[in-house]
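Enquirer: I'd like to ask some things about the structure below.
The values are calculated or read from the model by the stated rules, or taken from the named source; none is laboratory data. This is a predicted model, so every value here is computed, not measured. Cβ placement follows ideal geometry from the backbone for every residue including glycine, while neighbour counts extend to all protein chains displayed.
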């Protein structure tokens, strides 16, 4: 039996590490719930992110979608190829750059986002409804502060 105590790296560091672990546990819980929900629509998480960005932001080039979805160029290329193959999006030549394409969501893509997004939004709401309005604002502000500082 291991009776060794947990090594401390200092009160502040220990608290910081516990906080990061808690954030990651929450992120994983939310992500797994979202993946399960999206499976019912035969969409991957990355496909959903691309469709959501095109639906809410409008037509975009691949570079913009890569940034907005926090993806990598190699990954987004495969996702876009599959979405085009399945009729969720189309590509048109960028009038400002003949080497680039502008992606646009098709009616099929619009239909699926309009079908799944309201429940997705409700699921996000329910996940955070344990927080008061003030707590939700504070959580957002604190996470945003840490994000911008690093």
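Enquirer: Applying the selection to the stretch 11-44, what residues are assigned to a helix (DSSP H, G or I), without any contact (Cβ under 8 Å) to a residue 60 or more places away in the chain and surrounded by 14 or more Cβ atoms within 10 Å (Cβ to Cβ)?
Expert: Hits for the stretch 11-44: nothing passes.
Enquirer: Right, something else. Tell me which residues, restricted to the stretch 66-77, are loosely packed, with under 11 Cβ neighbours inside 10 Å and in a helix (DSSP H, G or I).
Expert: Listed by number, the residues that qualify are 73, 74.
Enquirer: Just one of 62, 92 is surrounded by 10 or more Cβ atoms within 10 Å (Cβ to Cβ), in contact (Cβ under 8 Å) with a residue 12 or more places away in the chain, over 16 Å from residue 112 (Cα atoms) and more than 23 Å from the chain's Cα centre (by Cα); which is it?
Expert: Result: 92 is the single residue among 62, 92 that is surrounded by 10 or more Cβ atoms within 10 Å (Cβ to Cβ), in contact (Cβ under 8 Å) with a residue 12 or more places away in the chain, over 16 Å from residue 112 (Cα atoms) and more than 23 Å from the chain's Cα centre (by Cα).
Enquirer: Name the pairs whose Cβ atoms lie under 7 Å apart, with the first residue in the stretch 130-150 and modelled with pLDDT of 95 or more, the second not in a helix (DSSP H, G or I), and 6 or more positions between them or separate chains?
Expert: 139/131
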